[in-house]
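Asks: I have a structure here, written as structure tokens, and I will follow up with some questions on it.
What follows draws every value from the coordinates through simple rules; no lab data is involved. In this text the structure is predicted, and so the values were computed from the model without any measurement. In this analysis, Cβ positions are derived from the backbone assuming ideal geometry, glycine residues included, and neighbour counts consider all displayed protein chains.
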Amino acid sequence: MTVSAAEPDTITGSPLLGDSSSLHRVAQDLARGVRAAHPVRETLANRELAKVLSSWDSSPAAVHPDALVAPLFPEPPPAAGVPFLPKERLLSREEKSAAADAFARVLETCEFTSGPAVTAFEDAVADYLALSCAVATGSGTDALIIALRAVGVGPGDEVIMPANSFAATENAVFACGAVPVLADVTTPDGNLDPESVAERITPRTVAVLPVHLYGKLADMAGLRAVADRHGLRIVEDACQALGVTGVGQHSDATALSFNPYKNVGLCGKAGAVVTGSAEIAQRCRVIGYHGFEPGRKNVKCEASGLNARIDNTMAAIGLALLPWTSLRGLRRTYLARRYVDALRPLAEEGVLEAPAFAPDHSWHLFPVLPAGGGAVRDAVLEDLARTSRVESDVYYPVLTHRQETPVRERLFGRAHLPRTEWLHHRVLHLPMHAGLSLGEQDRVVEALYAAMRRAR
């Protein structure tokens, strides 16, 4: 499987921000056989990307796209199959070395919990996202809880959210004493539908909690319009969408995750709340650290708070790994482009739907929708594993309103989410991670074609 080579083209010299739109632009250029030395905005998150791009020859050359990017995708040791997400490849050799050095420096000072790395990491995250404030937390779940509380969500309030997300989304609402209200999604992206949100609003609704599913930006302008009409707050669950253009621009606060399995993962759990509001950021700092007044440990200004501030150890590792953020994003974006190109014939036959190659996507996961419903999807998943040893997966296997919990019938018994259900019974995820090689991706595509033929 290859990306179609085309005649080389000239390239503009406008700076790259390192966000999803700029990485999309580079991937498009590479797919046309153009590799250029783009200027890159100076942020810590863009450092390694800037090194790579500055080393490239700006003169167009008639070279196949895969040959241009080959140095970015080192081949792993030979293996019998293609794993979905091999743990040993969560970090590159260079990243592992940088993280180890950062930990060694913390060991020397023994500043494990509090220390200078926390503020430095927060500043670097805010700088990358071009937002004024970042408050680093112990996890993405902590970030969601803190953000919701900071915008005023409390006991008995209703928060409108999708049903097709990781449990942390609903759990954050429950942790505030609030009630999740499920709205339907748009297809095929699986993100909250503003019209469905509007239909769920009641006098108890306080906030909307959109999830940028698999890294695809939700309709934030549409959701903001609905929220403004009804005086609601918006907290974004961007735990899968770090660096996506537009994240944080239409909400009151945004939650991020640096879990090892995210696009930018650290060596343990971590997260952050980012916001353009100094007032909300201040509230987040208070709520996230025992209700203490910022800068005055053991002096409370809030009735209750969490022990959810990032520790200095993880922040130091974050500072060491953040420079690879945009480069890792470029790898994922190029892989997504290759998938979309390779699967186009199946899409044109109407047997499989792949996502559009869009600039507002981090490509945390790569979903496809085989035609024929759940039976075909399940057959393809099993066939890939049995015949080709290609691992695939389904996110998320159980929707919020289908979980067998004590509150299911009381809270979700009348949930009517036809588009969410439709997607849930069809979606299949192919391997997608920054350590995936081009050769492995070719094997995935070849195996998928064969499995789809057998499933028809």
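Asks: Please state, to two decimals, what the Cα-based radius of gyration of region 177-226 comes to when divided by 2.2 N^0.38 Å (N = residues). Display every interim value, and only then the final one.
Replies: On the way: Rg = 10.8 Å, N = 50, 2.2 N^0.38 = 9.7 Å.
That works out to 1.11 for region 177-226.
Asks: Sticking with this one: Summing +1 for each Lys or Arg and -1 for each Asp or Glu, what net charge is found among the other residues whose Cβ lies under 9 Å from the Cβ of TYR289? Before the final figure, lay out each step's value.
Replies: Details: positive: ARG285, LYS297, ARG309; negative: none.
That works out to +3.
Asks: Got the relative contact order for the chain handy, in percent, Cα pairs under 8 Å and 6 or more residues apart? Show your work: numbers first, answer last.
Replies: On the way: 963 pairs, mean separation 96.8, N = 456.
Result for the chain is 21 percent.
Asks: Once fully extended, how much extra length lies between ALA104 and SER55, figured as 0.36 nm per residue of separation less the alpha-carbon to alpha-carbon distance? Walk me through the numbers on the way to the answer.
Replies: Working: separation 49, 0.36 × 49 = 17.64 nm, distance 3.06 nm.
Taking ALA104 through SER55 to full extension adds about 14.6 nm, to one decimal.
Asks: For region 158-170, what does the Karplus curve 6.51 cos²θ - 1.76 cosθ + 1.60, with θ = phi - 60°, yield as ³J(HN,Hα) per residue in whole Hz, taken in order and with x for Gly and Pro?
Replies: Taking θ as phi minus 60°, the curve returns 10, 10, 8, 8, x, 8, 9, 9, 5, 4, 4, 5, 5 Hz for region 158-170.
Asks: Further question on the same structure: For LYS300, which lysines qualify as cross-link partners when the Cα separation must be under 29 Å and same-chain residues fewer than eight apart are set aside?
Replies: Result set, ordered by chain and number: LYS269.
Asks: In whole Hz, what ³J(HN,Hα) sequence does region 214-231 give by Karplus (6.51, -1.76, 1.60; θ = phi - 60°), x for Gly and Pro?
Replies: Coupling constants for region 214-231: 6, x, 8, 4, 6, 6, 5, 5, x, 5, 5, 4, 5, 4, 5, 5, 10, x Hz.
Asks: 222 nm [θ] for the chain, helices only, -39500 (n - 2.57) per DSSP H run of 4+, per residue, to 500?
Replies: -12500 deg cm²/dmol, from helical runs alone.
Asks: Just to verify a number: FRET efficiency for PHE112 and ARG296, C-beta to C-beta distance, R0 = 22 Å, to 0.05?
Replies: For PHE112 and ARG296, the calculated efficiency is 0.55.
Asks: Let me ask something additional. From the Cα gyration tensor of the chain, with a ≥ b ≥ c the square roots of its eigenvalues, which class applies: rounded if a/c is under 1.5, or else prolate if a/b is larger than b/c, or else oblate? Walk me through the numbers before you get to the answer.
Replies: On the way: a/c = 1.74, a/b = 1.18, b/c = 1.47.
Oblate, because a/c is 1.5 or more while a/b does not exceed b/c.
Asks: Net charge near THR43, counting Lys/Arg +1 and Asp/Glu -1 over other residues with Cβ under 14 Å of its Cβ?
Replies: For residues surrounding THR43, the net value is -3.
Asks: Let me ask something else. In whole Å, how far is the Cα centre of region 168-240 from that of region 38-110?
Replies: Between the Cα centre of region 168-240 and that of region 38-110, the gap is 34 Å.
Asks: Determine the shape class of region 22-133: with a ≥ b ≥ c the square roots of the Cα gyration tensor eigenvalues, call it rounded for a/c under 1.5, and otherwise prolate if a/b is greater than b/c, oblate otherwise.
Replies: It comes out oblate by the Cα gyration axes.
Asks: Tell me whether region 317-425 comes out rounded, prolate or oblate; compute the Cα gyration tensor, take square roots of the eigenvalues as a ≥ b ≥ c, and use a/c under 1.5 as the rounded threshold. If you can, show how the numbers build up before the last one.
Replies: On the way: a/c = 1.93, a/b = 1.24, b/c = 1.56.
It is oblate, given that a/c is not under 1.5 and a/b is not larger than b/c.
Asks: Running Debye on region 404-452 with equal point scatterers at the Cα sites and no solvent, what base-10 log of I(q)/I(0) appears at q = 0.14, 0.15, 0.24 Å⁻¹?
Replies: Values, matching the q order: -0.62, -0.65, -0.94.
Asks: For region 96-323, what does the relative contact order come out to in percent, with C-alpha contacts under 8 Å and a separation of six or more?
Replies: The value is 27 percent.
Asks: Around THR202, what is the net charge, scoring Lys/Arg as +1 and Asp/Glu as -1 over all other residues with Cβ under 11 Å from its Cβ? Don't jump to the answer; show the numbers that get you there.
Replies: On the way: positive: ARG200, ARG204; negative: ASP157, GLU158, GLU199.
Residues near THR202 contribute -1 overall.
Asks: With θ set to phi - 60° and the Karplus curve 6.51 cos²θ - 1.76 cosθ + 1.60, what are the ³J(HN,Hα) couplings of region 387-398 in order, to the nearest whole Hz, using x for Gly and Pro?
Replies: For region 387-398, the Karplus curve yields 8, 10, 6, 9, 7, 10, 7, 10, 10, 10, x, 10 Hz.
Asks: So, how do all the Cα-to-Cα distances of region 96-323 break down into 10 Å bins, in percent, from 0 on up?
Replies: 9, 35, 35, 17, 4, 0
Asks: Follow-up. Of the listed peptides 14-21, 361-368, 94-101, what is their order by residue-averaged count of other C-beta atoms within 10 Å, with the highest listed first?
Replies: 361-368, 14-21, 94-101
Asks: Now for a separate question. Taking a 23 Å limit on the Cα-Cα distance, which of the listed pairs LYS96/LYS297; LYS87/LYS262; LYS51/LYS96 fall beyond it?
Replies: LYS96/LYS297
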